[in-house]
Amino acid sequence: MLSFFPVPYPDECYYSVLCRYMVHSGISSIKEVLRVLFGRELSPLSTMLVPYMSSRVPEWINQETGITEITFIRDHTAFHYLTIGSKQHETEVMLKRIRVGERSYYINGYRKNIASAYLRYCPICAYEEKMKYGEMYWHRQHQLKGNLYCIKHGARLIDSETDLKKVKKALIPASFALRDYYGKTPRDVMKDIKPFPTELRQKQSAVQKDILWLMHHGEEIGGLEGLISGYKSELAIRGLADKRYDRLENIPKLINKMQSYFGKALLKSLCPEKYEFMKWESAPMGVVKFLSPLEHVLMMEYLCGSAEKFARSSR
Ligand SMILES: [Zn+2]
(Lines give C-alpha, C1' and ligand atoms only; values in the text may rest on other atoms or scores of the structure.)
Protein backbone atom coordinates (compact mmCIF):
# COMPACT_ATOMS: atom_id res chain seq x y z
CA MET A 1 0.00 0.00 0.00
CA LEU A 2 1.33 3.46 -0.88
CA SER A 3 1.61 5.80 2.09
CA PHE A 4 0.01 8.56 0.03
CA PHE A 5 -2.15 8.85 -3.07
CA PRO A 6 -4.35 11.80 -4.09
CA VAL A 7 -8.10 11.25 -3.94
CA PRO A 8 -9.41 11.90 -7.46
CA TYR A 9 -11.53 15.01 -8.06
CA PRO A 10 -14.93 14.81 -9.82
CA ASP A 11 -14.51 13.79 -13.47
CA GLU A 12 -10.71 13.93 -13.16
CA CYS A 13 -9.05 11.71 -15.76
CA TYR A 14 -6.74 8.88 -14.68
CA TYR A 15 -3.72 10.61 -16.23
CA SER A 16 -4.40 13.75 -14.18
CA VAL A 17 -4.54 11.78 -10.90
CA LEU A 18 -1.10 10.34 -11.72
CA CYS A 19 0.19 13.86 -12.50
CA ARG A 20 -0.96 15.05 -9.10
CA TYR A 21 0.61 12.03 -7.43
CA MET A 22 3.94 13.07 -8.94
CA VAL A 23 3.56 16.66 -7.69
CA HIS A 24 2.46 15.78 -4.16
CA SER A 25 4.80 12.82 -3.64
CA GLY A 26 7.76 15.08 -4.28
CA ILE A 27 9.32 12.52 -6.65
CA SER A 28 10.78 14.55 -9.48
CA SER A 29 11.73 11.75 -11.87
CA ILE A 30 8.96 10.38 -14.08
CA LYS A 31 10.79 7.05 -14.34
CA GLU A 32 10.81 6.77 -10.55
CA VAL A 33 7.10 7.68 -10.31
CA LEU A 34 6.20 4.99 -12.85
CA ARG A 35 8.40 2.46 -11.08
CA VAL A 36 6.72 3.20 -7.73
CA LEU A 37 3.19 3.06 -9.17
CA PHE A 38 3.48 0.37 -11.81
CA GLY A 39 6.80 -1.36 -11.27
CA ARG A 40 7.80 -0.54 -14.83
CA GLU A 41 7.84 2.15 -17.49
CA LEU A 42 4.83 2.89 -19.66
CA SER A 43 3.50 5.66 -21.84
CA PRO A 44 1.39 7.99 -19.66
CA LEU A 45 -0.87 8.58 -22.69
CA SER A 46 -2.19 5.05 -22.22
CA THR A 47 -3.63 6.12 -18.86
CA MET A 48 -5.44 9.19 -20.16
CA LEU A 49 -8.89 7.71 -20.79
CA VAL A 50 -8.23 3.98 -20.56
CA PRO A 51 -7.81 1.96 -17.32
CA TYR A 52 -4.30 0.82 -18.21
CA MET A 53 -2.91 -1.16 -15.25
CA SER A 54 -5.85 -0.14 -13.08
CA SER A 55 -5.45 -3.44 -11.21
CA ARG A 56 -2.98 -1.39 -9.11
CA VAL A 57 -5.73 0.94 -7.80
CA PRO A 58 -6.40 -1.13 -4.62
CA GLU A 59 -2.68 -0.78 -3.75
CA TRP A 60 -2.90 3.01 -4.08
CA ILE A 61 -6.26 3.97 -2.62
CA ASN A 62 -7.65 2.75 0.67
CA GLN A 63 -11.01 1.04 0.09
CA GLU A 64 -12.44 2.96 3.06
CA THR A 65 -12.63 5.96 0.73
CA GLY A 66 -15.31 4.02 -1.18
CA ILE A 67 -13.09 4.07 -4.28
CA THR A 68 -12.53 0.64 -5.79
CA GLU A 69 -11.02 -0.33 -9.10
CA ILE A 70 -14.55 -0.63 -10.53
CA THR A 71 -15.60 2.86 -9.42
CA PHE A 72 -12.25 4.27 -10.56
CA ILE A 73 -12.76 2.86 -14.07
CA ARG A 74 -16.32 4.22 -14.17
CA ASP A 75 -15.56 7.67 -12.76
CA HIS A 76 -12.08 8.43 -14.08
CA THR A 77 -11.69 6.64 -17.43
CA ALA A 78 -13.87 6.54 -20.54
CA PHE A 79 -13.63 2.76 -20.95
CA HIS A 80 -17.38 2.01 -20.81
CA TYR A 81 -18.03 4.71 -23.40
CA LEU A 82 -15.13 3.86 -25.72
CA THR A 83 -16.21 0.22 -25.91
CA ILE A 84 -19.96 0.67 -26.57
CA GLY A 85 -19.48 -0.44 -30.19
CA SER A 86 -17.49 -3.60 -29.32
CA LYS A 87 -18.91 -7.07 -28.90
CA GLN A 88 -19.57 -7.87 -25.24
CA HIS A 89 -17.12 -10.77 -25.15
CA GLU A 90 -14.38 -8.67 -26.78
CA THR A 91 -14.91 -5.91 -24.22
CA GLU A 92 -14.48 -8.37 -21.36
CA VAL A 93 -11.25 -9.72 -22.83
CA MET A 94 -10.02 -6.18 -23.53
CA LEU A 95 -10.65 -5.06 -19.97
CA LYS A 96 -8.88 -8.11 -18.54
CA ARG A 97 -5.82 -7.31 -20.64
CA ILE A 98 -5.81 -3.55 -20.14
CA ARG A 99 -6.20 -3.59 -16.36
CA VAL A 100 -3.15 -5.82 -15.88
CA GLY A 101 -1.13 -3.91 -18.46
CA GLU A 102 -0.87 -6.46 -21.25
CA ARG A 103 0.57 -4.61 -24.18
CA SER A 104 -1.50 -6.50 -26.75
CA TYR A 105 -4.75 -4.65 -26.23
CA TYR A 106 -6.59 -2.60 -28.75
CA ILE A 107 -9.37 -0.10 -28.34
CA ASN A 108 -10.81 0.69 -31.71
CA GLY A 109 -9.61 4.17 -32.70
CA TYR A 110 -8.51 5.27 -29.20
CA ARG A 111 -6.61 8.27 -30.53
CA LYS A 112 -9.48 9.24 -32.84
CA ASN A 113 -11.76 9.52 -29.81
CA ILE A 114 -9.51 12.15 -28.27
CA ALA A 115 -10.83 15.57 -29.26
CA SER A 116 -7.64 17.46 -29.86
CA ALA A 117 -3.89 17.10 -30.28
CA TYR A 118 -3.67 19.13 -27.04
CA LEU A 119 -5.10 18.58 -23.57
CA ARG A 120 -8.13 20.83 -23.21
CA TYR A 121 -9.64 22.79 -20.35
CA CYS A 122 -12.50 25.08 -19.42
CA PRO A 123 -11.31 28.51 -18.20
CA ILE A 124 -14.03 28.76 -15.53
CA CYS A 125 -13.34 25.25 -14.20
CA ALA A 126 -9.64 26.12 -14.00
CA TYR A 127 -10.37 29.31 -12.08
CA GLU A 128 -12.91 27.70 -9.74
CA GLU A 129 -10.65 24.73 -9.00
CA LYS A 130 -7.72 27.01 -8.24
CA MET A 131 -9.95 28.82 -5.71
CA LYS A 132 -11.55 25.67 -4.28
CA TYR A 133 -8.70 23.16 -4.23
CA GLY A 134 -5.64 25.33 -4.67
CA GLU A 135 -4.80 23.37 -7.84
CA MET A 136 -6.24 22.57 -11.26
CA TYR A 137 -6.79 19.19 -12.87
CA TRP A 138 -7.48 17.67 -16.29
CA HIS A 139 -11.10 16.67 -16.81
CA ARG A 140 -11.98 13.42 -18.53
CA GLN A 141 -14.96 14.84 -20.42
CA HIS A 142 -13.01 17.79 -21.79
CA GLN A 143 -10.62 15.45 -23.64
CA LEU A 144 -13.22 13.43 -25.51
CA LYS A 145 -14.31 14.08 -29.06
CA GLY A 146 -17.94 15.24 -29.06
CA ASN A 147 -17.42 17.59 -26.12
CA LEU A 148 -17.06 21.11 -27.46
CA TYR A 149 -17.89 23.12 -24.39
CA CYS A 150 -17.94 22.68 -20.61
CA ILE A 151 -21.21 21.07 -19.62
CA LYS A 152 -21.13 22.91 -16.26
CA HIS A 153 -20.30 26.43 -17.44
CA GLY A 154 -21.20 26.57 -21.13
CA ALA A 155 -17.74 27.94 -22.02
CA ARG A 156 -16.04 26.64 -25.12
CA LEU A 157 -13.18 24.28 -24.28
CA ILE A 158 -9.69 25.61 -24.97
CA ASP A 159 -6.60 23.75 -26.18
CA SER A 160 -3.76 24.06 -23.67
CA GLU A 161 -0.16 24.11 -24.85
CA THR A 162 0.32 20.54 -23.61
CA ASP A 163 0.25 18.35 -26.69
CA LEU A 164 -0.26 14.59 -26.74
CA LYS A 165 3.35 14.01 -27.80
CA LYS A 166 4.40 15.41 -24.43
CA VAL A 167 1.68 13.40 -22.65
CA LYS A 168 3.15 10.26 -24.21
CA LYS A 169 6.37 10.79 -22.29
CA ALA A 170 5.58 12.96 -19.29
CA LEU A 171 3.17 13.61 -16.45
CA ILE A 172 2.21 17.26 -16.93
CA PRO A 173 -0.18 18.47 -14.23
CA ALA A 174 -2.85 21.00 -15.16
CA SER A 175 -1.52 23.16 -12.31
CA PHE A 176 1.74 23.50 -14.23
CA ALA A 177 0.29 23.77 -17.75
CA LEU A 178 -2.34 26.32 -16.64
CA ARG A 179 -0.16 28.10 -14.08
CA ASP A 180 -1.19 31.51 -15.53
CA TYR A 181 -4.50 30.95 -13.77
CA TYR A 182 -2.88 31.41 -10.36
CA GLY A 183 -2.46 35.09 -11.22
CA LYS A 184 -5.76 35.59 -13.05
CA THR A 185 -8.62 37.69 -11.74
CA PRO A 186 -12.26 36.90 -12.63
CA ARG A 187 -12.05 39.75 -15.16
CA ASP A 188 -9.03 38.08 -16.84
CA VAL A 189 -10.91 34.77 -16.96
CA MET A 190 -13.91 36.46 -18.61
CA LYS A 191 -11.64 37.33 -21.55
CA ASP A 192 -10.91 33.61 -22.07
CA ILE A 193 -14.57 32.64 -22.27
CA LYS A 194 -16.02 31.97 -25.68
CA PRO A 195 -19.68 31.03 -25.24
CA PHE A 196 -21.11 28.30 -27.37
CA PRO A 197 -23.64 29.44 -30.06
CA THR A 198 -27.13 29.25 -28.54
CA GLU A 199 -28.68 27.64 -31.62
CA LEU A 200 -26.32 24.65 -31.36
CA ARG A 201 -26.46 24.33 -27.61
CA GLN A 202 -29.53 22.17 -27.07
CA LYS A 203 -28.48 19.27 -29.30
CA GLN A 204 -24.81 19.61 -28.39
CA SER A 205 -25.69 19.48 -24.72
CA ALA A 206 -27.78 16.34 -25.31
CA VAL A 207 -24.80 14.65 -27.03
CA GLN A 208 -22.47 15.53 -24.16
CA LYS A 209 -24.95 14.27 -21.58
CA ASP A 210 -25.18 10.99 -23.52
CA ILE A 211 -21.40 10.62 -23.46
CA LEU A 212 -21.37 11.25 -19.71
CA TRP A 213 -24.19 8.75 -19.16
CA LEU A 214 -22.41 6.13 -21.28
CA MET A 215 -19.18 6.52 -19.32
CA HIS A 216 -21.13 5.31 -16.28
CA HIS A 217 -23.69 3.02 -17.90
CA GLY A 218 -22.17 1.99 -21.26
CA GLU A 219 -22.55 -1.69 -20.39
CA GLU A 220 -26.35 -1.29 -20.31
CA ILE A 221 -26.35 -0.89 -24.09
CA GLY A 222 -25.35 -4.56 -24.40
CA GLY A 223 -22.35 -4.03 -26.70
CA LEU A 224 -22.48 -4.18 -30.48
CA GLU A 225 -25.15 -6.89 -30.20
CA GLY A 226 -27.43 -4.52 -28.24
CA LEU A 227 -26.78 -1.64 -30.63
CA ILE A 228 -27.62 -3.71 -33.71
CA SER A 229 -30.78 -5.09 -32.16
CA GLY A 230 -31.93 -1.60 -31.09
CA TYR A 231 -31.07 -0.04 -34.47
CA LYS A 232 -32.95 -2.77 -36.30
CA SER A 233 -36.18 -2.16 -34.38
CA GLU A 234 -35.98 1.64 -34.37
CA LEU A 235 -34.94 1.96 -38.01
CA ALA A 236 -37.53 -0.57 -39.21
CA ILE A 237 -40.29 1.61 -37.69
CA ARG A 238 -39.01 4.47 -39.89
CA GLY A 239 -38.71 2.31 -43.00
CA LEU A 240 -34.91 2.54 -42.84
CA ALA A 241 -34.15 -1.12 -42.11
CA ASP A 242 -35.39 -4.49 -43.23
CA LYS A 243 -35.43 -6.76 -40.18
CA ARG A 244 -35.87 -9.94 -42.28
CA TYR A 245 -32.56 -9.46 -44.08
CA ASP A 246 -30.65 -7.55 -41.41
CA ARG A 247 -30.11 -4.63 -43.74
CA LEU A 248 -29.95 -0.88 -43.49
CA GLU A 249 -32.26 0.52 -46.15
CA ASN A 250 -32.25 3.94 -47.78
CA ILE A 251 -29.01 5.11 -46.19
CA PRO A 252 -29.10 8.57 -47.92
CA LYS A 253 -32.50 9.17 -46.30
CA LEU A 254 -31.12 8.22 -42.88
CA ILE A 255 -28.21 10.64 -43.34
CA ASN A 256 -30.60 13.43 -44.42
CA LYS A 257 -32.84 12.83 -41.44
CA MET A 258 -29.89 12.95 -39.05
CA GLN A 259 -28.61 16.13 -40.69
CA SER A 260 -31.93 17.87 -40.21
CA TYR A 261 -32.23 16.54 -36.65
CA PHE A 262 -28.83 17.81 -35.50
CA GLY A 263 -28.25 20.58 -38.05
CA LYS A 264 -25.35 20.51 -40.51
CA ALA A 265 -23.35 23.06 -38.51
CA LEU A 266 -23.31 20.91 -35.38
CA LEU A 267 -22.53 17.71 -37.28
CA LYS A 268 -19.66 19.50 -38.99
CA SER A 269 -18.17 20.61 -35.68
CA LEU A 270 -18.50 17.09 -34.30
CA CYS A 271 -16.67 15.81 -37.42
CA PRO A 272 -18.11 12.33 -37.91
CA GLU A 273 -16.17 10.09 -40.30
CA LYS A 274 -17.15 9.67 -43.94
CA TYR A 275 -17.59 5.98 -44.73
CA GLU A 276 -17.81 4.32 -48.10
CA PHE A 277 -21.10 2.61 -47.13
CA MET A 278 -22.75 6.00 -46.59
CA LYS A 279 -22.84 6.43 -50.37
CA TRP A 280 -24.74 3.18 -50.82
CA GLU A 281 -28.50 2.77 -50.95
CA SER A 282 -28.48 -0.21 -48.57
CA ALA A 283 -25.92 -2.24 -46.63
CA PRO A 284 -25.81 -5.19 -44.20
CA MET A 285 -26.65 -4.02 -40.66
CA GLY A 286 -23.20 -5.27 -39.58
CA VAL A 287 -21.53 -2.17 -41.12
CA VAL A 288 -22.49 -0.24 -37.99
CA LYS A 289 -19.56 -1.94 -36.28
CA PHE A 290 -17.37 0.59 -38.09
CA LEU A 291 -19.05 3.57 -36.41
CA SER A 292 -17.16 5.36 -33.65
CA PRO A 293 -18.62 5.72 -30.12
CA LEU A 294 -19.58 9.32 -30.94
CA GLU A 295 -21.40 8.23 -34.10
CA HIS A 296 -23.32 5.64 -32.07
CA VAL A 297 -24.29 8.45 -29.69
CA LEU A 298 -25.65 10.46 -32.64
CA MET A 299 -27.64 7.44 -33.85
CA MET A 300 -29.09 6.70 -30.40
CA GLU A 301 -29.89 10.36 -29.81
CA TYR A 302 -31.62 10.65 -33.19
CA LEU A 303 -33.59 7.40 -32.76
CA CYS A 304 -34.68 7.63 -29.12
CA GLY A 305 -33.84 11.12 -27.84
CA SER A 306 -31.01 9.89 -25.57
CA ALA A 307 -28.64 6.97 -25.04
CA GLU A 308 -30.45 6.13 -21.81
CA LYS A 309 -33.84 5.91 -23.55
CA PHE A 310 -32.24 3.81 -26.30
CA ALA A 311 -30.87 1.40 -23.68
CA ARG A 312 -34.29 1.16 -22.03
CA SER A 313 -36.20 0.68 -25.30
CA SER A 314 -33.91 -2.08 -26.58
CA ARG A 315 -34.09 -4.10 -23.34
ZN1 LIG B 1 -16.23 24.52 -16.73
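Looking only at residues in the range 164-196 that are assigned to a loop (DSSP other than H, G, I, E, B) and without any contact (Cβ under 8 Å) to a residue 60 or more places away in the chain, which one is nearest to Gly146 (Cα to Cα)?
Here is the first cut: in the range 164-196, the ones assigned to a loop (DSSP other than H, G, I, E, B) are 170-173, 178, 184-185, 193-194, 196.
Imposing the further condition that a residue be without any contact (Cβ under 8 Å) to a residue 60 or more places away in the chain reduces the set to 178, 184-185, 194, 196.
Working: Leu178: 23, Lys184: 29, Thr185: 30, Lys194: 17, Phe196: 14 Å.
Looking at residues that are assigned to a loop (DSSP other than H, G, I, E, B) and without any contact (Cβ under 8 Å) to a residue 60 or more places away in the chain, I get Phe196.
Return the residues of the range 122-151 that are near the ligand (Cβ under 10 Å from one of its atoms) and farther than 15 Å from Tyr14 by Cα; say none if nothing qualifies. Let's see the steps before the verdict.
Within the range 122-151, the first condition is being near the ligand (Cβ under 10 Å from one of its atoms), and the residues that meet it are 122-129, 139, 141-142, 149-151.
Cys122, Pro123, Ile124, Cys125, Ala126, Tyr127, Glu128, Glu129, Tyr149, Cys150, Ile151, listed by residue number.
Only one residue in Phe277, Phe262 is open to solvent by less than 60 Å² (accessible area, probe 1.4 Å), modelled with pLDDT under 90 and not charged (D, E, K, R). Which one? Quick ask: steps written out before the conclusion?
Working: Phe262 fails: modelled with pLDDT under 90.
Result: Phe277 is the single residue among Phe277, Phe262 that is open to solvent by less than 60 Å² (accessible area, probe 1.4 Å), modelled with pLDDT under 90 and not charged (D, E, K, R).
Of the residues that sit in the range 23-54 and are of a type in the set (Gly, Ala, Ser) and open to solvent by 10 Å² or more (accessible area, probe 1.4 Å), which one is farthest from Arg120 (Cα to Cα)? Give the steps one after another, and end with the answer.
Step one: of the range 23-54, the residues of a type in the set (Gly, Ala, Ser) are 25-26, 28-29, 39, 43, 46, 54.
Filter once more, keeping what is open to solvent by 10 Å² or more (accessible area, probe 1.4 Å): 25-26, 28-29, 39, 43, 46.
Details: Ser25: 25, Gly26: 25, Ser28: 24, Ser29: 25, Gly39: 29, Ser43: 19, Ser46: 17 Å.
Going through the qualifying residues, I end up with Gly39.
Identify, by number, the condition in (1) assigned by TED's automatic domain parsing to the domain that holds Leu144; (2) more than 23 Å from Leu214 (Cα to Cα) that Thr47 doesn't meet.
The single condition Thr47 does not satisfy is (2).
Report whether or not Met285 is buried (at least 17 other Cβ atoms within 10 Å of the Cβ), farther than 20 Å from Asp210 by Cβ and in contact with an Asp or Glu (Cβ under 9 Å, 6 or more places away or on another chain).
On the way: buried (at least 17 other Cβ atoms within 10 Å of the Cβ): yes; farther than 20 Å from Asp210 by Cβ: yes; in contact with an Asp or Glu (Cβ under 9 Å, 6 or more places away or on another chain): yes.
So Met285 passes the test.
Are any of the residues in the range 55-69 open to solvent by 20 Å² or more (accessible area, probe 1.4 Å), within 15 Å of His216 (Cα to Cα) and touching a residue at least 24 places away in the same chain (Cβ under 8 Å)?
Scanning the range 55-69, I find at least one residue that is open to solvent by 20 Å² or more (accessible area, probe 1.4 Å), within 15 Å of His216 (Cα to Cα) and touching a residue at least 24 places away in the same chain (Cβ under 8 Å), so the answer is yes.
Can you tell me which of Val7, Val50 is under 25 Å from Arg97 (Cβ atoms) and not in a helix (DSSP H, G or I)? Break it down stepwise before answering.
Working: Val7 fails: under 25 Å from Arg97 (Cβ atoms).
Sole residue among the options that is under 25 Å from Arg97 (Cβ atoms) and not in a helix (DSSP H, G or I): Val50.
Within the set of pairs 6+ apart or on separate chains, which have a first residue in the range 23-41 that is closer than 19 Å to Ser54 by Cα, a second that is open to solvent by 50 Å² or more (accessible area, probe 1.4 Å) and outside any loop (DSSP other than H, G, I, E, B), and C-beta atoms under 6 Å apart?
Close Cβ pairs (under 6 Å, with a partner that is open to solvent by 50 Å² or more (accessible area, probe 1.4 Å) and outside any loop (DSSP other than H, G, I, E, B)) do not exist here.
Just checking, does the range 98-120 include any residue being closer than 22 Å to His24 by Cβ, more than 16 Å from the ligand (Cβ to nearest atom) and in contact with a helix residue (DSSP H, G or I) (Cβ under 8 Å, 6 or more places away or on another chain)? Lay out the reasoning, then the answer.
To start, the set of residues in the range 98-120 that are closer than 22 Å to His24 by Cβ comprises 119.
Narrowing the set further to residues that are more than 16 Å from the ligand (Cβ to nearest atom) leaves none.
No, there is no match, as no residue in the range 98-120 is closer than 22 Å to His24 by Cβ, more than 16 Å from the ligand (Cβ to nearest atom) and in contact with a helix residue (DSSP H, G or I) (Cβ under 8 Å, 6 or more places away or on another chain).
I want to confirm something. Restricting to the range 152-199 and keeping residues that are more than 14 Å from Ala126 (Cα to Cα) and buried (at least 17 other Cβ atoms within 10 Å of the Cβ), which single residue is farthest from the ligand (Cβ to nearest atom)?
So the residue we want is Leu171.
Just to check your reading of the model, which residue among Leu254, Leu291, Leu303 is open to solvent by less than 50 Å² (accessible area, probe 1.4 Å), closer than 26 Å to Ser116 by Cα and either hydrophobic (A, V, I, L, M, F, W, C) or in the same structural domain as Glu219 (by TED's automatic domain parsing) (or both)?
Values: Leu254 fails: closer than 26 Å to Ser116 by Cα; Leu303 fails: closer than 26 Å to Ser116 by Cα.
The match here is Leu291.
Among (1) buried (at least 21 other Cβ atoms within 10 Å of the Cβ); (2) part of a loop (DSSP other than H, G, I, E, B), which single condition is Arg20 missing?
The failed condition is (2).
Can you pull out every residue in the range 130-163 that is without any contact (Cβ under 8 Å) to a residue 60 or more places away in the chain and closer than 19 Å to Asp75 by Cα? Outline the logic, then answer.
Restricting attention to the range 130-163, the residues satisfying the condition of being without any contact (Cβ under 8 Å) to a residue 60 or more places away in the chain are 130-132, 134, 136, 142, 149-150, 152-163.
Within the range 130-163, Met136, His142, Cys150, Lys152 meet the criteria.
Out of (1) surrounded by fewer than 16 Cβ atoms within 10 Å (Cβ to Cβ); (2) free of Cβ contacts under 8 Å to residues at least 24 places away in the same chain, what's the single condition that is false for Leu240?
(1)
So which of Tyr110, Tyr133, Tyr81, Tyr118 ends up being surrounded by fewer than 20 Cβ atoms within 10 Å (Cβ to Cβ) and under 18 Å from Leu214 (Cα atoms)? I'd like the intermediate steps shown before the answer.
Details: Tyr133 fails: under 18 Å from Leu214 (Cα atoms); Tyr81 fails: surrounded by fewer than 20 Cβ atoms within 10 Å (Cβ to Cβ); Tyr118 fails: under 18 Å from Leu214 (Cα atoms).
Every option except Tyr110 fails the conditions.
Could you check the range 306-315 and list, in sequence order, the residues that are under 17 Å from the mean Cα position of the chain (by Cα) and either open to solvent by less than 10 Å² (accessible area, probe 1.4 Å) or without any contact (Cβ under 8 Å) to a residue 60 or more places away in the chain (or both)?
Ala307
The values are calculated or read from the model by the stated rules, or taken from the named source; none is laboratory data. Only a predicted model underlies this, so the values are computations on that prediction, with no experimental measurement involved. No Cβ is skipped: glycine too gets one built from the backbone with ideal geometry, and neighbour counts run over all protein chains shown. The accessibility values were calculated without ligands, DNA or RNA, using every heavy atom of the protein model including side chains. Shrake-Rupley method; radii C 1.70, N 1.55, O 1.52, S 1.80 Å.
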